[in-house]
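Working notes, beginning with the structure itself.
The values are calculated or read from the model by the stated rules, or taken from the named source; none is laboratory data. All values derive from a computational prediction rather than experimental measurement. Don't worry about glycine lacking a Cβ; one is built from the backbone with ideal geometry, like all the others, and counts go over all protein chains shown.
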Amino acid sequence: MPRNIRGPFALAIVLVAALVLGACVPPAATTAPPAAPAATSVTAPTAAMTATAMLAPTAKMTATAMMTATAIMTATAPAMTATAVMTATPAMTTTAAATTTTGISLPSSIPNGATSGKIALLLPETKTARYETADRPLFEAKFKQLCPNCTILYSNANQDANQQLSQAQAALTNGAQVLVLDPVDSAAAGGIADAAKAQGVPVIAYDRLILNSTGVNFYISFDNQRVGELQAQSLVDRLTQLNIAKPQIVMINGSPTDNNAKLFKAGAHSVFDPLVSAGKLTIAKEYDTPDWSPDQAQTEMQQALTALGNKVDGVYAANDGTGGGAIAAMKAAGLSPLPPVTGQDAELAAIQRILTGDQYMTVYKAIRPEAETAAVLADYLLSKQTPPAAMLQGKTVNNTKMDVPSVLLTPVAVTKDIVASTIIADAFWTAQQLCTSAYAAVCSTLGIK
Ligand code: BGC
């Protein structure tokens with residue numbers, strides 16, 4: 001097994017043990033969340049909005065009108081056929097196998113799990129490929145396996161926090177008994193979790209933490225500070241390899257309303273800043289990119305190139321979308337060779353750019369265990385049971401109001417040389433998907449088949 005996927009494998013063992021244990025032991029009584037400790041690593045609320053204020057309709061929308069923007073999907077609807085899911089999902093099967101491609105085992109049913117009910121999945125945007133191609137189909141397939149007769153209300157907020165608020169409100173109005181929420185605005189989403197709690201509806205913070213609320217039951221994500229560290233360290237290592245003395249870099253961070261973006265940025269700065277202080281590296285320009293928009297990232301990079309007379313040795317881009325925008329700007333400005341650029345998400349287009357050398361690295365986050373763990377936790381919440389303690393690895397993350405029980409998965413830095421042993425070995429993408437004619441030669445050199 002490649003060294004860099006041993007972490008996830010070890011986690012798998014813990015999860016298997018936990019779930020086996022959980023199947024044998026009667027569920028423990030639900031414990032109240034710990035009292036609110038002082039805020040630690042997360043930022044203060046950007047908007048002081050009460051739950052009531054948050055839930056006042058911002059647009060003149062009736063619940064019915066709002067629901068038109070929300071796909072109501074029963075688990076037995078035709079859209080959930082294996083074929084539909086397969087088309088949209090990176091190289092992943094929808095069979096009922098208990099073992100995922102990343103080695104994490106999750107149950108195909110939970111003891112005394114729900115046999116009916118309604119939950120809502122609320123995702124933040126569509127500009128980044130992962131949500132519609134991986135998170136949604138993987139979550140839905142797993143939840144359908146656990147509770148074939150349950151209904152999933154699905155919505156995507158298209159990066160609009162107000163729209164997400166309306167969608168959450170509609171889901172509650174329409175009887176959702178659990179919310180699985182990936183917030184557009186981590187701070188504002190605290191109002192959604194407060195409102196859900198007031199109605200006795202538990203909430204899972206999916207991928208991005210929900211801040212400022214005591215209504216968050218679980219948080220499932222990756223070690224996001226580590227994502228930023230991996231990106232920055234890879235860039236520094238590459239610049240050293242290229243023998244560039246005192247390199248000058250540009251930082252393109254993610255959306256300022258996304259708590260993850262803050263963590264990626266903090267992780268990256270923890271690597272860069274000591275080098276800056278030692279006079280070994282310059283961060284010549286740094287941007288926060290509203291909505292994580294690739295177009296905006298391209299504009300930011302154009303501005304940086306103009307201001308710096310094209311003297312850029314490396315680009316820290318927080319994800320593959322923004323990295324793609326930066327690369328487009330540098331190509332348009334005629335930079336050759338392109339300086340190393342980082343990314344995140346292991347998007348197909350990004351892996352192809354890595355094969356051709358346009359992008360230096362990406363961070364691979366195995367979405368299957370993330371989405372499937374969320375589905376398992378949702379089924380525990382729907383059936384009013386407590387998941388086995390070890391499933392949460394005893395971890396909590398503070399959201400300024402409470403310590404949220406958390407599952408944090410391990411991200412992996414991927415450069416050209418380990419695409420085969422990570423992304424392909426894990427079947428995140430198949431060689432066939434990746435190695436289309438333009439990439440066939442490089443795939444064969446790298447042993448990707
Ligand atoms: C996610 C990334 C994603 C970004 C933009 C972050 O919160 O963790 O995987 O690229 O949002 O949607």
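Can Val419 be described as touching a Phe, Trp or Tyr at 6+ places or on another chain (Cβ under 7 Å) and either of a type in the set (A, V, I, L, M) or not assigned by TED's automatic domain parsing to the domain that holds Leu338 (or both)?
When the stated conditions are applied, Val419 does not pass them.
Since Leu209 meets every condition but one in (1) surrounded by fewer than 24 Cβ atoms within 10 Å (Cβ to Cβ); (2) within 16 Å of the ligand (Cβ to nearest atom), which condition does it not meet?
It fails just one condition, (1).
Is there any pair linking a residue in region 306-319 that is in contact (Cβ under 8 Å) with a residue 60 or more places away in the chain to one that is away from the ligand (no atom under 16 Å from the Cβ) and in a loop (DSSP other than H, G, I, E, B), with Cβ under 7 Å and at least six apart or on different chains, and which?
So the pair list comes out as Val312/Pro339; Asp313/Ile244; Asp313/Pro247; Asp313/Pro339; Gly314/Pro247; Gly314/Pro339; Gly314/Pro340; Val315/Pro339.
Please verify whether region 347-358 includes one or more residues that are over 17 Å from the mean Cα position of the chain (by Cα) and acidic (Asp, Glu).
Checking region 347-358: at least one residue is over 17 Å from the mean Cα position of the chain (by Cα) and acidic (Asp, Glu).
Looking at Ile249, is it among the hydrophobic types (A, V, I, L, M, F, W, C), in contact (Cβ under 8 Å) with a residue 40 or more places away in the chain, more than 16 Å from the ligand (Cβ to nearest atom) and touching a helix residue (DSSP H, G or I) at 6+ places or on another chain (Cβ under 8 Å)?
yes
Hey, could you check region 237-288 for residues that are outside any helix (DSSP H, G or I) and farther than 21 Å from Lys311 by Cα and say which is nearest to the chain's Cα centre (by Cα)?
Asp258
Out of curiosity, is Gly215 in the same structural domain as Leu377 (by TED's automatic domain parsing), more than 20 Å from the chain's Cα centre (by Cα) and more than 26 Å from Lys416 (Cα to Cα)?
Yes, satisfied.
Conditions tested, residue by residue: (1) basic (Lys, Arg); (2) crowded, with 20+ Cβ neighbours inside 10 Å; (3) touching a helix residue (DSSP H, G or I) at 6+ places or on another chain (Cβ under 6 Å).
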residue: Leu263; (1), (2), (3): no, yes, yes
residue: Ala278; (1), (2), (3): no, no, no
residue: Thr289; (1), (2), (3): no, yes, yes
residue: Ala297; (1), (2), (3): no, yes, yes
residue: Gln302; (1), (2), (3): no, no, yes
residue: Val315; (1), (2), (3): no, yes, yes
residue: Ala318; (1), (2), (3): no, yes, yes
residue: Thr322; (1), (2), (3): no, yes, yes
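Looking only at region 104-135, count how many residues are over 23 Å from Pro387 (Cβ atoms) and either away from the ligand (no atom under 16 Å from the Cβ) or assigned to a loop (DSSP other than H, G, I, E, B) (or both).
Summing the residues that are over 23 Å from Pro387 (Cβ atoms) and either away from the ligand (no atom under 16 Å from the Cβ) or assigned to a loop (DSSP other than H, G, I, E, B) (or both) in region 104-135 gives 6.
Taking the options Gly357, Gly394, name whichever one is away from the ligand (no atom under 15 Å from the Cβ), free of Cβ contacts under 8 Å to residues at least 12 places away in the same chain and within 29 Å of Gln233 (Cα to Cα).
Gly394
For Ile367, work out the one condition from (1) closer than 30 Å to Pro148 by Cα; (2) at pLDDT below 95 it doesn't fulfil.
Unmet for Ile367, out of (1) closer than 30 Å to Pro148 by Cα; (2) at pLDDT below 95: (2).
Within region 147-206, track down each residue that is touching a residue at least 60 places away in the same chain (Cβ under 8 Å), part of a helix (DSSP H, G or I) and in contact with a strand residue (DSSP E or B) (Cβ under 7 Å, 6 or more places away or on another chain).
Correct list: Gln167, Ala171, Ile192.
When you look at Ser255, is it within 11 Å of the ligand (Cβ to nearest atom) and over 18 Å from Val227 (Cα atoms), yes or no?
No, not satisfied.
Could you pull out every one of the helices (runs of 4 or more DSSP H) wholly within region 308-401 that has 2 or more residues that are within 17 Å of Leu434 (Cβ to Cβ)?
Those helices (runs of 4 or more DSSP H) span 320-332, 348-356.
If you scan region 336-348, which residues turn out to be surrounded by 15 or more Cβ atoms within 10 Å (Cβ to Cβ) and either away from the ligand (no atom under 16 Å from the Cβ) or among the small types (Gly, Ala, Ser) (or both)?
The answer is Leu338, Pro339, Pro340, Gly343, Ala346.
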